[in-house]
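Encoded as C-alpha cells, the structure appears first; notes follow it.
The values are calculated or read from the model by the stated rules, or taken from the named source; none is laboratory data. Everything quoted here is computed from the prediction, not taken from an experiment. Positions of Cβ are generated from backbone atoms using ideal geometry, with glycine treated the same way; all protein chains shown enter the neighbour counts. Surface accessibility is based on the protein's heavy atoms, side chains included, excluding ligands, DNA and RNA. Shrake-Rupley method; radii C 1.70, N 1.55, O 1.52, S 1.80 Å.
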Amino acid sequence: MNIDFVRDAKELFKRSLEAKGVIIKHDDDPIISWYIYRERTIRPSRRKVVKAKGFSCPPLFTDKLKRLETEIENGANLNSYLSRSIMDCSKDDLMLYDWGIYHLHISDKLDTKKSDGFMERSDLLLYALFDNENAYFIKTINHKGENNMWTKKECLEIINDNWPHLLEPYIMKGVSKEQQYISDDERSTLRKNHLNTFITLNNGVVIMPPNMGLVCDGSPFKAIYAADYLKKQLKDVQSSIMNDISDFRKKIQSNEDIYEIKLEKIMVNQLNLKVNNHISVRLKLVVKE
C-alpha cells in the first residue's frame, strides 16, 4: 500500500506557504518553514494592552501608537506592522527566536510604494510580547543609531520588573550569576553565530532563553521541535493504520480495496482523524475501481 504521511505533509505545507508568498528556508522540509512562519507572525486575538512602568512614546508617534493599540484590542491582524522579512523564512529574527520579543513599526498608513499589505516603515519600533490575552508593551526604540538594539538585556529587566511571571518558567535553579554574566556586545556576537546564552538579571537570577533559543542554522528551536513532533505523530498514525488495516476499514465503514492513503489536509483544533489534542488530519482514500 502506498502511504507516507510525512511526505504528504511536506507537500501540503509547501503549497500552503507558496500560496501565501512565503519563501521556504528548508527546501527538504517545508514543515519546519511552516512552523517558522507561524512563530514569526502574531495570531489574531482580542488582547488587553498592558504597558510597562515608565513606558513612553515620542509625541510625534502618540496617535500612531493609539491606532495600533486599538487594532490590538479589536483583535485585528497585526502582521502588517511586522518586518517584511516574515515572508522569507531564511531571514532569521534572532531576537524573537531567542527572547520571544516582537518588534512592530509604529505607523498608521499602508506603504503605497509597495503592494504587499505592510504598513509604512517607521524609525520608531515597539518591543512587545504577546500571549492569548495580553499585549505587553516593553518599550519604544529608535531604529537608527542604536547599538546592539536586538540584544539589550534592558528589555528582559523591564519584563522581570513588570511581569515576572513571564520569566519564572525559565529560571535556572542553582546557576550562579558569576558564572553566567554576558554583556550585550558579547551576546550580539554569540547570537549572530547562532549560540544560545543564559541571561543574568540584575537581581542575580539566571534564566535560559525565554523563547527557547536557536539551533545551529539560526532556526528557532521551537519550530524544529514542533515539526519533529508533528512528524512523529503522523508516523504513529500511519503505523496504527498499517498494523491493522482491517480495523481501519471498519472505523471508516469501507469495504473497498484501498491501495493508497494520502493526507488531504492538516487541521488545528478541528475534528477528523485525531492526532493529538491540537492537530487532526483529513485523509484521502484511493480505492481500486
- Query: Cα centroid distance between region 32-53 and region 68-109, in Å?
  - Reply: 8
- Tell me which residues come under 5 Å, amide H to amide H, from Lys139 once H is placed; ignore anything under 5 positions away on its chain. Tyr127
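Ranked from highest to lowest mean number of other Cβ atoms within 10 Å per residue, what is the order of the peptides 151-158, 59-66? Present the calculation step by step, with values, prior to reporting the outcome.
Details: 151-158: 19.4, 59-66: 13.9.
Peptide ranking by packing, descending: 151-158, 59-66.
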- Amide H within-cut-off set for Lys265, under 5 Å, with H built and near neighbours excluded: Arg282
- Kirkwood hydrodynamic radius of region 105-196 from all distinct Cα pairs, in Å? 16.0
- In a shell of Cβ-Cβ distance under 12 Å around Val50, excluding Val50 itself, what net charge do Lys and Arg (+1) and Asp and Glu (-1) give? 0
- Message: Tell me the net charge near Tyr97. Cut-off is 10 Å between Cβ atoms, Tyr97 excluded, with +1 for each Lys or Arg and -1 for each Asp or Glu.
- Response: -1
- Using θ = phi - 60° and the Karplus curve 6.51 cos²θ - 1.76 cosθ + 1.60, what whole-Hz ³J(HN,Hα) does each residue of region 127-140 get, with Gly and Pro shown as x? 8, 8, 10, 9, 10, 5, 10, 10, 10, 9, 7, 8, 6, 9
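Please compute the net charge surrounding Asp184, taking Lys and Arg as +1 and Asp and Glu as -1 over other residues with Cβ under 12 Å from its Cβ.
Numbers: positive: Lys152, Lys153, Arg187, Arg191; negative: Glu146, Glu154, Glu157, Asp185, Glu186.
Local net charge: -1.
With a 1.4 Å probe and every protein chain kept in, tell me what percent of the accessible surface of region 128-221 is carbon plus sulfur.
On the way: 2380 of 4800 Å².
Within region 128-221, the accessible surface is 50 percent carbon and sulfur.
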- Spelling it out for Leu124: with amide H atoms placed in the peptide plane at 1.01 Å from N, the residues 5 or more places away or on another chain with amide H under 5 Å from its amide H are Ile106, His143
- Sparse-neighbour loop sites [trypsin sites (Lys or Arg not before Pro); region 165-227; at most 12 other C-beta within 10 Å; DSSP]: Lys173
- For Glu186 and Asp244, what is the calculated FRET efficiency with R₀ set at 45 Å and r taken between the beta-carbons, to the nearest 0.05? 0.20
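Name the shape class, rounded, prolate or oblate, that the alpha-carbon gyration tensor gives for region 1-144, where a ≥ b ≥ c are the square roots of its eigenvalues, rounded holds for a/c under 1.5, and otherwise prolate holds if a/b is larger than b/c and oblate otherwise.
Prolate, since a/c reaches 1.5 and a/b exceeds b/c.
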- Provide the per-residue ³J(HN,Hα) series for region 55-67, in order, calculated from phi with Karplus coefficients 6.51, -1.76, 1.60 and θ = phi - 60°, each as a whole number of Hz, with x at glycine and proline positions. 4, 9, 9, x, x, 4, 10, 4, 5, 5, 5, 4, 4
- Query: Residue by residue through region 68-85, which ³J(HN,Hα) values in whole Hz follow from phi under the Karplus form 6.51 cos²θ - 1.76 cosθ + 1.60 (θ = phi - 60°), with glycine and proline marked x?
  - Reply: 4, 4, 4, 4, 5, 5, 8, x, 6, 6, 9, 5, 5, 8, 7, 5, 4, 5
- Message: Quick one: the Cα spread of region 151-194 along its three principal axes, in angstroms, biggest first?
- Response: 29, 23, 17
- Measuring with a 1.4 Å probe in the full set of protein chains, what accessible area per residue, in whole Å², belongs to region 75-198? 49
